[in-house]
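Novice: One structure follows; several queries about it will come next.
Please treat every number below as a calculation from the coordinates, not as lab data. Model, not experiment: these values are computed from the prediction. Virtual Cβ from ideal backbone geometry, glycine too; neighbours counted across all protein chains shown.
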Amino acid sequence: MQKWVLMATAQTPTNIAVIKYWGKRNEDLILAINDSISVTLDPAHLCTTTTVAVSPTFDQDRMWLNGKEISLLGGRYQNCLREIRSRATDLEDEKQGIKITKKEWEKLHVHIASHNNFPTAAGLASSAAGFACLVYSLAKLMNVKEDQGALSAIARQGSGSACRSLYGGFVKWVMGKEENGSDSIAVQLADEKHWDDLVIVIAVVSSRQKETSSTSGMRDTVETSMLIQHRAKEVVPKRIIQMEDAIKKHDFAAFADLTCADSNQFHAVCLDTYPPIFYMNDTSHKIISCVEKWNRSAGTPQVAYTFDAGPNAVLIARNRKTAAELLQRLLFHFPPNSDTDLNSYVIGDKSILQD
Ligand code: PMV
């Protein structure tokens, strides 16, 4: 048997939704019931690094996440692997003298090693960075010639929010209309340079894994909440238009109001689910109160907050000066070793520590 190994590595940042996706209309294809908008973080801070390898000596597909082997049998992994393999093209590596034809890719197995530089499954969108990176690195290895929109539709089948991590800056996941999901893709609204005054601070309230996965949470919500129907049909479509406008005009007040309101409605929908889902904890609520008080006393929003499926706060400050003040306020209200379990601050996007 020939003994060569061919590898590719990619690094993909996580993204944080400012208009949230919650609820699927098709669980297998992962098709959302509403559009969503997110901001992609700087890869230097929260990201996944994935190396994929192919060799004729591998007898099965295998994957390791943060050094531990995980099963690839789940439908999400299988969907991504199948979709990428079906788009593989002929490859020639002159240095190693390797030639792989489109047909041969179907029979070759891959080994995948993935690493997150932040807590996994703790509501910090680890699956978004993870599946985006998996799809991107496999596409690189298998010489896939599709554009980023098509790759985003494949990453979406691993984890909905993953489709948005294939672009930097502000990204919209268009829910699409087609039953086969072909138009359910991510599009970039503005690149990472467009609004680079913003500073993203992540307050890690808890790095424990969440109790309710987003998959089962969304399923329960769609089956039992009446509020979700109102949100998806009446509220989000208007907010998407307003958010796109706020981003275009760098209108921080509108951006912050919409971001906070949408996070609050998402958690209200979770509470309206049966059985109710609690992603935030007392520390999360205290952070919301601090920011709300500060924004009210300043007369115009200084910081926006948003929480995904976990208690960790994502705080978006209007500029570096505000971010520095935010860190001081967080340290004042949540000193290390206080009775709350707020233990670290991760600075995303542009680091204020560079000043
Ligand atoms: O893509 P999933 O299954 O991890 O779901 C993500 C859901 C939220 O993070 C709460 C919202 C979003 O749009 O990212």
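Novice: Can you give the charge dipole size of region 199-354 about its Cα centre, rounded to the nearest 20 debye, using +1 on the beta carbon of Lys and Arg and -1 on the beta carbon of Asp and Glu?
Specialist: 480
Novice: A follow-up question, please. For the chain, what is the relative contact order in percent, using Cα pairs closer than 8 Å and at least 6 residues apart in sequence?
Specialist: 20
Novice: Shifting gears a bit: In Å, what Rg and Dmax follow from the Cα atoms of region 6-190?
Specialist: 15.9, 49
Novice: If you place +1 on the Cβ of every Lys and Arg, -1 on the Cβ of every Asp and Glu, and leave all else neutral, what size is the dipole of the chain about its Cα centre, to the nearest 20 Debye?
Specialist: Its charge dipole is roughly 140 debye.
Novice: With both bridge residues required to lie in the chain, what share of the DSSP beta bridges run antiparallel, to the nearest 5%?
Specialist: Of those bridges, close to 95 percent are antiparallel.
Novice: For the chain, treating each Cα as an identical point scatterer without solvent, what Debye log10 I(q)/I(0) comes out at q = 0.09, 0.13, 0.15 1/Å?
Specialist: -0.50, -1.00, -1.28
Novice: Okay, next question. Antiparallel DSSP bridges in region 6-190: what percent, to the nearest 5?
Specialist: In region 6-190, DSSP labels about 90 percent of beta bridges as antiparallel.
Novice: Helix-only estimate, please: 222 nm mean residue ellipticity of the chain, summing -39500 (n - 2.57) across DSSP H runs of length 4 or more and dividing by its residues, to the nearest 500.
Specialist: Roughly -10500 deg cm²/dmol at 222 nm, from the helical runs in the chain.
Novice: With springs only between Cα atoms under 10 Å, which of Ser38, Ser297, Ser214 fluctuates most in a Gaussian network model of the chain?
Specialist: Ser297
Novice: Here's another thing I want to ask about it. Can you give the longest stretch of the chain with no exposed loop site, where a site means chymotrypsin sites (Phe, Trp or Tyr not before Pro) in a DSSP loop (not H, G, I, E or B) with at most 14 other C-beta atoms within 10 Å?
Specialist: 59-277
Novice: If we sort 319-328, 93-102 on the protection proxy, mean other Cβ atoms within 10 Å, highest first, what's the order?
Specialist: Listed from highest to lowest mean packing, they are 319-328, 93-102.
Novice: While we're here: Report the relative contact order of region 276-335, percent, no decimals, based on alpha-carbon pairs under 8 angstrom and at least 6 residues apart.
Specialist: RCO, region 276-335: 29 percent.
Novice: Quick check on region 199-354: what are the equivalent-ellipsoid semi-axes from the Cα gyration tensor, as sqrt(5λ), descending, whole Å?
Specialist: Listed largest to smallest, the semi-axes of region 199-354 are 26, 21, 12 Å.
Novice: Amide H neighbours of Asn66 under 5 Å, counting only residues 5+ apart in sequence or on other chains, H built in-plane at 1.01 Å?
Specialist: Amide H neighbours of Asn66, under 5 Å, 5+ apart: Ser114, His115, Asn116.
Novice: Could you pull out every residue, at least 5 positions away or on a different chain, whose amide H is within less than 5 Å of the one on Ile98? Hs are placed 1.01 Å off N in the peptide plane, and Pro or chain starts have none.
Specialist: Distant-sequence amide H within range of Ile98: Asp93.
Novice: Another question about this same structure. GluC sites (Glu not before Pro) within region 191-292: which are DSSP loop residues with at most 15 other Cβ atoms inside 10 Å?
Specialist: Within region 191-292, the qualifying GluC sites (Glu not before Pro) (loop, at most 15 other Cβ atoms within 10 Å) are Glu211.
Novice: For the chain, take the longest principal axis of its alpha carbons; what is the angle in degrees between that and the long axis of helix 236-249, to the nearest 10 within 0 to 90?
Specialist: 90
Novice: Under 12 Å Cα-Cα from Lys107, which aspartates and glutamates qualify once same-chain neighbours fewer than 8 residues away are excluded?
Specialist: Output for Lys107: Asp59, Asp61.
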